[in-house]
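Below is one structure, written out as structure tokens; comments come after it.
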Amino acid sequence: MSAVFDHVEFDHHERIIFAHDHQTGLRAIIGIHSTFLGPAAGGVRMANYTSMDDALTDVLRLSRGMSYKNALAGLPLGGGKAVLIGNPKTDKTPELMRALGRAIEGLSGRYLAAEDVGMTLADMEEIALETSHVFGRDPKAGFGGEPSPMTALGVLLSIKTCVRRFMGRDDLGGVRVAVQGAGAVGADLARQLGQEGADVLIADVDPARAQAAAAATGGQVVSVEDVLFADVDVLAPCALGAILNDTTIPALRTKIVCGAANNQLAEPRHGLALAERGILYGPDYVVNAGGIINVAYEVSGNYDAARVIEHIQRVPKTLERIFEEAADEGLTPDVVADRMAQRLIGQS
């Protein structure tokens with residue numbers, strides 16, 4: 001246990017739960033970072049982590065990010081996350097999902113689960129057989145369903161805010177945007193960007209997904225090796241985190257980074273590295289809050305898509321506040337966003 005407390009990403013987390021079930025092979029970690037504003041809410045991510053330490057690092061970073069995200073989105077929720085260790089294409093079974101549901105139920109509502117990378121709406125329904133503390137569920141049962149379109153909407157509005165601030169434009173016509181990742185959020189973001197008249201480049205580790213997204217948007221497929229370094233106005237990371245680092249930042253050819261991926265900065269110092277290159281960064285947990293806003297309205301028991309969209313439309317105002325304070329105080333947007341969130345959750 002001391003290894004958790006000594007972990008570089010440990011940041012006043014209230015509780016870390018290691019869940020194991022021998023019969024189903026469940027290996028999961030649930031991180032509860034803060035319940036200062038309410039129960040800790042955040043998605044379940046399933047990934048084939050190379051080590052337990054990698055999984056722990058991910059859950060610590062992601063759960064802290066959820067605390068900050070929920071606070072700055074104005075939600076009565078704390079921050080939590082679950083990571084399920086395994087290959088989502090080959091290791092997932094109904095029994096595994098139900099075992100995770102039992103682990104979540106054992107936390108008595110301190111953690112509220114939703115869908116994240118590697119999980120589906122059907123998985124959420126399977127988990128819900130064992131616990132009521134799961135959301136992002138079937139709209140036929142009064143829930144909000146797949147939250148990805150709402151996440152993509154928040155990212156789109158944030159991109160427009162960044163373009164307005166950096167490029168002095170109110171529209172996206174002809175603006176070149178590289179979308180890294182054509183999963184549920186990335187594909188929907190590409191679609192919305194195409195509708196706004198943007199020139200979209202899209203890449204994914206699954207070529208078929210990239211082709212499908214490009215066909216739906218009139219976009220252009222680029223390789224996963226090239227997408228980060230394309231000559232564009234906006235880079236929208238919509239895959240996994242830590243892609244802004246010592247290797248990638250010097251080679252970027254973009255004016256703006258604004259996307260849906262969590263924890264895009266490999267280390268806090270990389271926010272300054274972006275600023276030194278003159279690149280405007282939209283802090284990811286502000287930009288990608290649409291999905292958890294959708295979930296929050298499910299949690300309230302009074303889900304209304306129109307109210308969700310109205311709430312998401314406030315995200316650009318928060319982003320503008322961050323940019324203004326950063327400019328006034330000579331700080332980077334990520335530092336200002338962290339500071340705002342820490343105040344809201346009682347950590348400063």
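The values are calculated or read from the model by the stated rules, or taken from the named source; none is laboratory data. Every value quoted in this text rests on a predicted model; they were computed, and no experiment measured them. Please note: Cβ atoms are built from the backbone with ideal geometry, for glycine as well, and neighbour counts cover all protein chains shown.
The table for this structure:
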| read-out | value |
| --- | --- |
| In segment 37-70, the residues that are of a type in the set (Gly, Ala, Ser) and over 22 Å from Val286 (Cβ atoms) | Ala47, Ser51, Ala55 |
| Residue match in segment 145-165 (condition: free of Cβ contacts under 8 Å to residues at least 12 places away in the same chain and assigned by TED's automatic domain parsing to the domain that holds Glu324) | yes |
| Filter result (surrounded by 17 or more Cβ atoms within 10 Å (Cβ to Cβ), touching a helix residue (DSSP H, G or I) at 6+ places or on another chain (Cβ under 8 Å) and either within 21 Å of Glu105 (Cα to Cα) or assigned by TED's automatic domain parsing to the domain that holds Ala260 (or both)) within segment 7-23 | His13, Ile16, Ile17, Ala19 |
| Verdict on Val224 being within 22 Å of the chain's Cα centre (by Cα) and under 28 Å from Ser63 (Cα atoms) | yes |
| Members of segment 169-184 found to be of a type in the set (A, V, I, L, M) and in contact (Cβ under 8 Å) with a residue 60 or more places away in the chain, listed by number | Ala178, Val179 |
| Selection from segment 37-57 of residues that are in contact with an Asp or Glu (Cβ under 9 Å, 6 or more places away or on another chain) and more than 16 Å from Glu115 (Cα to Cα) | Asn48, Tyr49, Leu56, Thr57 |
| Flag for Thr247 being without any contact (Cβ under 8 Å) to a residue 12 or more places away in the chain and assigned to a loop (DSSP other than H, G, I, E, B) | yes |
| Residue match in segment 297-312 (condition: part of a helix (DSSP H, G or I) and assigned by TED's automatic domain parsing to the domain that holds Asp188) | no |
| Enumeration of residues in segment 75-121 that are among the charged types (D, E, K, R) and within 14 Å of Tyr49 (Cα to Cα) | Lys89, Asp91 |
| Residues (assigned to a strand (DSSP E or B) and closer than 17 Å to Val299 by Cα) located in segment 79-124 | Gly79, Gly80, Lys81, Tyr111, Leu112, Ala113, Ala114, Glu115 |
| The listed residue being under 26 Å from Ile322 (Cβ atoms) and either buried (at least 24 other Cβ atoms within 10 Å of the Cβ) or at pLDDT below 95 (or both), out of Gly74, Gly142, Gly80, Gly118 | Gly80 |
| Residues within segment 38-69 that are over 11 Å from the mean Cα position of the chain (by Cα) and not in a helix (DSSP H, G or I), tallied | 11 |
| Selection within segment 139-189 - touching a Phe, Trp or Tyr at 6+ places or on another chain (Cβ under 8 Å) and farther than 20 Å from Ile293 by Cα | Arg165 |
| Any hit, segment 275-284, residues being under 19 Å from Arg165 (Cα atoms), of a type in the set (A, V, I, L, M, F, W, C) and not in a helix (DSSP H, G or I) | yes |
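Yes/no per residue for (1) touching a Leu at 6+ places or on another chain (Cβ under 9 Å); (2) surrounded by fewer than 17 Cβ atoms within 10 Å (Cβ to Cβ):
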position: Arg169; (1), (2): no, yes
position: Val177; (1), (2): yes, no
position: Gly183; (1), (2): no, no
position: Arg191; (1), (2): no, no
position: Val200; (1), (2): yes, no
